[in-house]
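Only one structure is covered here, and it is reproduced in the block below.
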Amino acid sequence: MTSQLELFVLGVAQDGGLPHLGCTQPCCINARQSGRVETPACIAIRNVDTRSLLLLEATPSITSQVALLHALIGTSHGEKAMVDAIAITHAHTGHYTGLMHLGKEGAATDQVPVHVSTAVANVLQTNAPWSGLVDGNHIALETFEPGRTFEPLQGIAIEPIAVPHRDELSDTMAFKVHGAHCTALFCPDIDAWGCMLEPLLCGVDVAFIDGTFFDDAELDQVGSRRDRQSIPHPTMMDTMLSIESMGKARPRDVRFIHLNHSNATFHGGRAAQELADRGFRVAKTGDRIDL
Ligand SMILES: [Zn+2]
Ligand SMILES: [Zn+2]
């Protein structure tokens with residue numbers, strides 16, 4: 001029997017967050033002045049029946065994100081301050097380095113299950129400081145096979161789907177979470193949709209997808225400072241066109257996540273309005289959805 005699940009959004013930014021270290025553009029100057037902080041993309045799944053918690057991604061902001069999760073749920077003081085398992089999409093800094101907080105100098109956890117692909121497991125087992133987490137039994141690595149649904153916690157079924165993304169360190173997954181009433185997709189990082197868009201979105205009700213960059217103008221600006229070839233992502237504008245061409249097969253609820261600090265939709269105005277007018281939205285930290 002499928003359990004009652006709840007999904008929580010705990011962070012919506014690209015790996016470097018907002019404000020972004022070293023950025024001297026208005027996007028981050030304004031954030032610093034107002035105290036606005038957006039943490040890297042992170043989602044939690046809660047099994048309402050068993051009260052167990054799964055974290056999707058261990059971001060550098062894991063400490064504040066897990067605290068936020070317990071605040072959203074209303075965990076009473078002293079009852080619980082951790083999650084029961086973690087699943088990670090790939091080995092880029094914003095997605096796994098929060099594991100450091102589970103180690104000796106941090107929470108010193110006892111065998112928290114961490115679900116990863118074989119390639120990510122290799123990265124963690126063979127490189128310090130991550131190998132110290134494994135050797136010290138602070139985390140227990142569990143590997144999954146792309147395409148094969150696994151159950152990290154009782155009643156929470158996760159389908160990992162391999163997607164194209166810079167693979168110098170590991171492969172990259174999208175996760176489909178199958179609930180009793182609806183299916184959610186978490187696909188924070190992808191180089192190009194290509195023929196993957198329809199299989200990824202097939203049967204999905206709520207999609208959290210790569211919204212790193214808004215349009216080509218933004219990419220040109222960022223690309224003038226960094227090699228554009230090294231940061232391929234479909235723009236939101238291109239993604240919206242592709243999803244619109246799906247017609248009725250389109251998910252009813254599409255929310256962009258993993259936004260770069262420079263993304264105009266992060267900062268209101270015309271770009272945010274364009275999204276709303278076309279029936280899309282940006283994921284918000286604190287969003288809560290019944291699955
Ligand atoms: Zn910035
Ligand atoms: Zn990445």
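The values are calculated or read from the model by the stated rules, or taken from the named source; none is laboratory data. Computed from a prediction, not measured in an experiment: that's the story for all the values here. Note that each Cβ is placed from the backbone with ideal geometry, even for glycine, and that neighbours are counted across all protein chains shown. Side chains included, ligands, DNA and RNA excluded: accessible areas come from the protein's heavy atoms. Shrake-Rupley method; radii C 1.70, N 1.55, O 1.52, S 1.80 Å.
Listed residues Q14, Q33, Q25; which is farther than 26 Å from A81 by Cβ and within 16 Å of ligand 2 (Cβ to nearest atom)?
The match here is Q14.
Could you tell me which residue of the range 143-166 is least open to solvent (accessible area, probe 1.4 Å), considering only residues that are in contact (Cβ under 8 Å) with a residue 60 or more places away in the chain and within 11 Å of ligand 2 (Cβ to nearest atom)?
Ranking the qualifying residues of the range 143-166, first place goes to H165.
Could you please find all residues in the range 76-112 being β-branched (V, I, T), within 26 Å of I257 (Cα to Cα) and assigned to a loop (DSSP other than H, G, I, E, B)?
Hits for the range 76-112 are V83, I88, T89.
Report every pair of residues separated by at least 6 positions or lying on different chains whose Cβ atoms are under 6 Å apart, first residue within the range 82-99 and farther than 17 Å from D210 by Cα and at pLDDT 95 or above, second within 14 Å of ligand 2 (Cβ to nearest atom) and open to solvent by 10 Å² or more (accessible area, probe 1.4 Å).
The qualifying pairs are T97/P60; G98/P60.
Does E38 count as touching a residue at least 60 places away in the same chain (Cβ under 8 Å) and within 16 Å of ligand 1 (Cβ to nearest atom)?
Against the criterion (touching a residue at least 60 places away in the same chain (Cβ under 8 Å) and within 16 Å of ligand 1 (Cβ to nearest atom)), E38 qualifies.
Checking V163 against (1) within 25 Å of G147 (Cβ to Cβ); (2) within 16 Å of ligand 1 (Cβ to nearest atom); (3) of a type in the set (V, I, T), which single condition isn't satisfied?
For V163, the exception is condition (2).
Of all residues being part of a loop (DSSP other than H, G, I, E, B) and within 21 Å of V204 (Cα to Cα) in the range 167-180, which is most open to solvent (accessible area, probe 1.4 Å)? Just the residue, please.
Per the stated criteria, the residue is A180.
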